[in-house]
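Below: the structure, in structure tokens.
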Amino acid sequence: MNKFFTSVVKSLSLAILLLLFLPVLAQQKNNSDRPNIVIIISDDHAFQAISAYGSQLMQTPNMDRLAKGGALLNRAYVTNSICDPSRAVLLTGKYSHKNGFKDNETSVFDHGQDLFVKRLQEVGYETAWIGKQHLGNKPQGFDYWEILPGQGSYFNPDFLKMDGTRAHYEGYVSDIISDLTEGWLNERDASKPFCLVVGHKATHRTWMPDTGDLDMFENVTFPLPHNFYDGYEGREAAKVQDMTIAKTMIMGYDLKMLTGVENEGTVNRMTPEQRKKYQEFYGPIEADLKQRNLQGRELVEWKYQRYMKDYLATAASLDRNVGRVLDYLDENDLTDNTVVIYLSDQGFYLGEHGWFDKRFMYEESFRTPMFVRYPGVIKPGTVSDDFIMNLDIAPTLLDVANVEIPDDVQGESFLPVLSKKSATGRDAMFYHYYENGEHSVSPHFGIRTKRYKLIRFYKRVESWELFDLTKDANEMENLYGKPGYEKITAKLKKELGKLIEQYEDTEAAQVMAQKID
Ligand code: CA
């Protein structure tokens, strides 16, 4: 009896112990099932400058390596083609009018709102943002952050730290972001899955290459995009913009012709050694330019060549630093259990329509480069033509972590599409750009289907534009109001109206209600 009693007690104790530890065991199991997440988000990086996308301008071996290891997204788009609103969409999975960060000039990001990283924290992820975030200086949802103040600096940048202090690092910003990233990865709590966002400053204006990369493209003459001398016929908003290489690009500030009056702090932060390298490089170029006294188109094309050389050399360092993160994952046995997403906050013009900058719903800035590597789920070498948006990243990563996607998130997980479990993505995308200031780009919204794009400009310019992308991929001929397009226009307006209703965009709904034709 006594023996029996002891044995019952022992069994009960074992059962209680098991019950006590089961949740812990289950949590551990869940955590080991939950992959790590690395998002690398660059700034103003054009898909036209990435060899994985067929670019002839330069080689990007590390981006290509990421693309080959997972999926290359041919039709990845942003909801609002401008830096900080795009990052706000990334964090919330909601359009700008819902997350409250509509433009760079008047919006303040509410970090207190629901962010996907906060949901990841709840299920045991350790989260970090390192590099450029540019959504104020008090991030939330991150166990660790170290971010550039505002736009940050290419050389010898300061960083804001969690304890309210500023750190100052000597060196080139893209390298320093990798150093800090590796430092955090080394120090993290290895018992937890992690979600790390690496925010790069490159390739934002003013495209300052690392000193070792300055002459990388000196012997290359880049072909002019065929619509470089676009006259903007039939496209009023394109006509009134202020973002051309010809007129808007500044010789001193943008193109480092440093003895001019416009050196605007470009080199002020440099060490004497860095400054010497810049002066030794750009000095003779400037002297040669003065001596040649170029005018008109010759001068514009000279500016284009200089822009491309600087932009691409800046992108070369970005690519190397993407490689550093991939190397770290390889060397630390993390690759197989880590989802890696590379994207830019939007696309960028490399001379198409005569432009630099972004903002427009035209393809070069509406689109963004995006690669997604997810070993065991996405087949290496996948090429996707599905419509995927930056809006989808938050819900996708909640899906990855097996966390329920909140009802008010407006994006959709793209895992089913990319893993080919179900091949149907969205048929149409809604876009809305709000800012009405810098570069004089008119606010606009619109719809893009597989074949057509319909855009409504308002405030600065009141107009509609319609493009048939199968016939006019470069969006040069506005078909709106032309005979034969009445039916498709009416159909697209109806579909656009539905998307506006679906996403609850009241500003767009009000503009739609104003007839201008
Ligand atoms: Ca940007």
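The values are calculated or read from the model by the stated rules, or taken from the named source; none is laboratory data. Predicted, not measured: the structure shown is a model, and the values here were computed from it. Because the Cβ atoms are built from the backbone with ideal geometry, glycine has one as well, and the counts that use them run over all protein chains shown.
Give segment 85-124 a look and list any residue that's part of a helix (DSSP H, G or I), within 16 Å of the ligand (Cβ to nearest atom), within 20 Å of residue 507 (Cα to Cα) and of a type outside the set (Ser, Thr, Tyr), or say none.
Across segment 85-124, the qualifying residues are 85, 88, 89.
Give the number of residues within segment 436-483 that are touching a helix residue (DSSP H, G or I) at 6+ places or on another chain (Cβ under 8 Å) and among the charged types (D, E, K, R).
Counting residues in segment 436-483 that are touching a helix residue (DSSP H, G or I) at 6+ places or on another chain (Cβ under 8 Å) and among the charged types (D, E, K, R) gives 5.
Among the residues of segment 494-512, is any within 30 Å of residue 384 (Cα to Cα), basic (Lys, Arg) and in a loop (DSSP other than H, G, I, E, B)?
no
Looking at 401, 313, which is the one that is in contact with a Lys or Arg (Cβ under 9 Å, 6 or more places away or on another chain) and either of a type outside the set (Asp, Glu) or within 16 Å of the ligand (Cβ to nearest atom) (or both)?
Residue meeting the stated conditions: 401.
Being within 16 Å of the ligand (Cβ to nearest atom), in a loop (DSSP other than H, G, I, E, B) and either at pLDDT 95 or above or among the small types (Gly, Ala, Ser) (or both), is that true of even one residue in segment 365-376?
yes
Please indicate, with yes or no, whether at least one residue in segment 323-342 is β-branched (Val, Ile, Thr), under 21 Å from residue 173 (Cα atoms), within 16 Å of the ligand (Cβ to nearest atom) and more than 15 Å from the chain's Cα centre (by Cα).
no
Residues that are buried (at least 24 other Cβ atoms within 10 Å of the Cβ), within 30 Å of residue 241 (Cβ to Cβ) and more than 16 Å from the ligand (Cβ to nearest atom): does segment 380-388 have at least one?
yes
State all residues of segment 71-84 that are more than 16 Å from the ligand (Cβ to nearest atom) and in a loop (DSSP other than H, G, I, E, B); if no residue qualifies, say none.
Selection gives 74, 75.
Is there any pair linking a residue in segment 52-73 that is touching a residue at least 12 places away in the same chain (Cβ under 8 Å) to one that is part of a strand (DSSP E or B) and of a type in the set (A, V, I, L, M), with Cβ under 6 Å and at least six apart or on different chains, and which?
Between residues of segment 52-73 that are touching a residue at least 12 places away in the same chain (Cβ under 8 Å) and residues that are part of a strand (DSSP E or B) and of a type in the set (A, V, I, L, M), the close pairs are 52/72; 70/372; 71/372; 72/383; 73/370; 73/388.
Name every residue in segment 87-133 that is polar (S, T, N, Q), modelled with pLDDT under 95 and buried (at least 18 other Cβ atoms within 10 Å of the Cβ), in order of residue number.
Within segment 87-133, 107 is the sole residue that qualifies.
Find the residue count for segment 172-215, including only residues that are touching a Phe, Trp or Tyr at 6+ places or on another chain (Cβ under 7 Å), outside any strand (DSSP E or B) and hydrophobic (A, V, I, L, M, F, W, C).
Number of matching residues: 7.
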